[in-house]
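A.B. asks: This structure is in C-alpha cells; I'll ask about it shortly.
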Amino acid sequence: MSVTVLDGLRMHVVDEGEGAPVLLLHGEPTSSYLWRNVIPPLVAIGYRAIAPDLIGFGRSDKPEDVGWYSYDRHVASIEQLVGALGLDGITLVVHDWGGPIGLRFAVEHEELVDRLVILDTGIGGGRPPSEMWLRFRETVRRLGSAIEPARLVESGTVDGLSDEVRAAYSAPFPTPASKAGVLAFPELVPAEPDHPNAAPMNRVRDALRSWRKPALVVWGAEDAALPPTLAHGFADLIPGAGEPVVVDRAGHFLQEDRPDEVAAAILRFLA
C-alpha cells in the first residue's frame with residue numbers, strides 16, 4: 001500500500017496484522033525490506049507491524065534533487081503517515097537514520113508512542129564523529145551516484161548477503177538519479193556544532209533524558225560504525241531503558257545477521 005505525504009509524494013508501506021501497532025523505521029540505505037524477517041513473529045502473536053519506506057528509499061517516491069532531503073521533511077513524512085493511518089499506542093522501533101527521525105517524532109508526539117526500541121543508531125549534534133563514519137561520508141561523497149547501496153549494507157554485516165538479498169537492496173536504485181536520498185543522508189548528520197541539524201537533534205537527546213515510558217536498546221556486538229558503547233550510552237540516557245541487549249555475531253545491520261534474535265528481544269520486551 002502507499003500513503004500520500006508531503007509534496008504529494010507516495011510513501012510505500014508494509015502493513016501486516018491487526019492489534020497494537022509496531023512502527024518499524026529503517027535508515028541508510030535500506031527500506032522496509034530490512035524488517036522482512038522481524039515482522040512475521042510480531043504478526044504471529046497479534047501485533048500490527050507497519051514498516052514504511054522512507055521517501056527516497058525502497059518503493060517510495062524518490063525526489064531526484066539531493067537538496068530536497070532534510071531532517072525536517074523526513075520527520076514530517078512520518079508524522080503524516082501516522083496521521084493518515086490513525087495510529088496511537090505505538091511501539092516505535094528505529095534503526096540507523098530511523099533513529100533521529102523516529103526519536104524526534106516520539107518526543108514531539110509522546111502521547112502517541114507507548115514504547116521505544118532503539119537499534120544501532122545515534123542522536124545528538126556537533127560531537128566529533130568516529131573515524132569510520134568520516135571515512136564512510138568521504139566514500140559517499142567520492143562515489144556520488146556510482147555508489148552501490150547493496151554493498152553498503154553488506155559491509156555492515158558479519159555474514160554477508162546472498163545474491164537474492166543483494167539484488168533486493170539494489171533494485172530500488174536503478175538509475176543514478178534514484179540515489180539522491182542515499183547521497184543526502186550523510187550530509188544531514190550534524191558533525192559540526194553549527195550544522196543546522198545539531199540543535200534539533202540535541203533537543204531530542206535532551207528530551208530523551210525525561211522519557212519515562214518503557215524503552216529497549218538492542219545492538220549488534222560487531223557494529224564497527226556505531227560500536228556497542230553507544231548502546232550503553234542510550235541505556236544511561238533514557239530513564240525507561242534497562243540493560244541493552246547486545247547481539248553476538250551481528251554487525252550494524254543486525255536484522256540481516258541475526259533477525260531471529262532481534263525479533264525475540266522485541267517480543268520479550270512486549271510481553
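A.B. asks: Give the value in nm², to one decimal: projected area of the alpha carbon convex hull of the chain, averaged over all directions.
C.D. replies: Projected over every direction and averaged, the Cα hull of the chain covers 12.6 nm².
A.B. asks: Let me ask something additional. Within the chain, what percent of beta bridges assigned by DSSP are antiparallel, to the nearest 5?
C.D. replies: Percent antiparallel among DSSP bridges in the chain is about 25.
A.B. asks: Averaging over all projection directions, find the projected area of the Cα convex hull of segment 146-250 and quote it in nm² with one decimal place.
C.D. replies: 8.5 nm²
A.B. asks: Name the long-range amide H neighbours of L25: under 5 Å, sequence gap of 5 or more, or other chain; modelled H, no Pro or chain starts.
C.D. replies: So L25 has HN proximity to V93, V94, H95.
A.B. asks: Compute the normalised compactness of segment 43-134: alpha-carbon radius of gyration over 2.2 N^0.38 Å, N being the residue count. The partial results should precede the final answer.
C.D. replies: Values: Rg = 14.5 Å, N = 92, 2.2 N^0.38 = 12.3 Å.
For segment 43-134, the normalised Cα radius of gyration is 1.18.
A.B. asks: Could you give the dipole magnitude of the chain about its Cα centre, charging the beta-carbon of Lys and Arg +1 and that of Asp and Glu -1, in debye to the nearest 20? Let's see the in-between values first.
C.D. replies: Numbers: 24 positive and 38 negative charges, 46 e Å.
Computed about the Cα centre, the dipole is about 220 debye.
A short reminder: the numbers here are calculations on the coordinates, not readings from a lab. It should be emphasised that the depicted structure is a prediction, and the values quoted were computed from it without experimental measurement. Methodologically, a virtual Cβ is constructed for each residue, glycine included, from the backbone with ideal geometry; neighbour enumeration extends over all protein chains shown.
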